[in-house]
Amino acid sequence: MCKKDLDNDLYELKKSLENNPSNPDEIHKNMAIIYLEKGMEKEATGEFQEVIRLRPEDPQPYEYLGKLSVKRDKPLNAIRWFTCAGDLYLKKNEINEAIRIYKYILELDSHNKEAGEKLEGIYRNY
């Protein structure tokens, strides 16, 4: 998308948030994604944190925050965010997503005992 389209989309989302906030979590998530596309990571982070505040059971914003932490070279923060995402995927019985996340944590830290144990539990029970 071109910058002008992203700016317009962002404007429309902000306007809908003010006028009819029936799904504020989705609006904030979409705003965060647009901020990411625009390279505005700080703003995206704030929007993803707002999504977590509004809908803490959604694993996606945790995953996005994990990716942002990796990009910022903050692996410990990334592992925390990814662990939350993996746990929520597991709780929602989205096993393949949980496996993907826990494997990624092990790529970041091959000695991460918690991710290894969770993967073992998944493989044992499913």
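What follows draws every value from the coordinates through simple rules; no lab data is involved. Fair warning: this is a prediction, and the values are worked out from it, not measured in the lab. For neighbour counting, all protein chains shown are included, and Cβ atoms are generated from backbone atoms with ideal geometry for every residue, glycine included.
For region 41-112, what value does the Rg/Rh ratio take when both radii are computed over Cα atoms and Rh is the Kirkwood radius, given to two decimals?
When Rh is taken as the Kirkwood radius, the ratio is 0.97.
For labels at Lys14 and Glu41 in the simple 7 Å Cα→Cβ model, what's the distance in nm?
Each label point is offset 7 Å from its Cα along the Cβ direction, giving 2.3 nm.
With 24 Å as the limit, write out which pairs from Lys4/Lys29; Lys15/Lys38; Lys29/Lys118; Lys15/Lys71; Lys71/Lys91 have Cα-Cα distances beyond it, or answer none.
Lys29/Lys118; Lys15/Lys71; Lys71/Lys91
Order by neighbour count: Met40, Met31, fewest other Cβ atoms within 10 Å first, most last.
Met40, Met31
Are there trypsin sites (Lys or Arg not before Pro) in region 39-121 that DSSP marks as loop and that have at most 12 other Cβ atoms within 10 Å, and which are they?
Those that pass, being in a loop and sparsely packed, are Arg72.
Test of understanding: ordering His28, His111 by Cβ neighbours within 10 Å, fewest first, what list do you get?
The fewest-first ordering by Cβ neighbours comes to His111, His28.
Within region 107-126, find all residues whose amide N lies under 19 Å from a label point positioned 7 Å from the Cα of Asn93 along Cα-to-beta-carbon.
Counting backbone N atoms under 19 Å from the label point, the list is 121-126.
What is the diffusion coefficient of region 1-56 in µm²/s, taking the Kirkwood radius over Cα pairs and the Stokes-Einstein relation at 20 °C with a viscosity of 1.002 mPa s?
Calculated translational D: 192 µm²/s.
For the chain, set up a GNM with springs between Cα atoms under 10 Å and report which of Asp73, Asp25, Asp58 has the largest fluctuation.
Asp73
Let me spell out the model: positive unit charges on the Cβ of Lys and Arg, negative unit charges on the Cβ of Asp and Glu, origin at the Cα centre of the chain. What dipole size does that give, in debye rounded to 20?
For this selection, approximately 240 debye.
Need the full-extension length gain, Glu114 to Asn23, defined as separation in residues times 0.36 nm minus the C-alpha distance. One decimal, nm.
Here the segment from Glu114 to Asn23 would lengthen by 29.3 nm.
Give the longest segment of the chain that steers clear of GluC sites (Glu not before Pro) in DSSP loops with at most 15 neighbouring Cβ atoms within 10 Å, not counting the sites themselves.
With GluC sites (Glu not before Pro) excluded where exposed in loops, the chain gives 1-56 as its longest stretch.
What angle, in degrees between 0 and 90 and rounded to the nearest 10, separates the Cα long axis of helix 41-54 from the longest principal axis of the Cα atoms of the chain?
80
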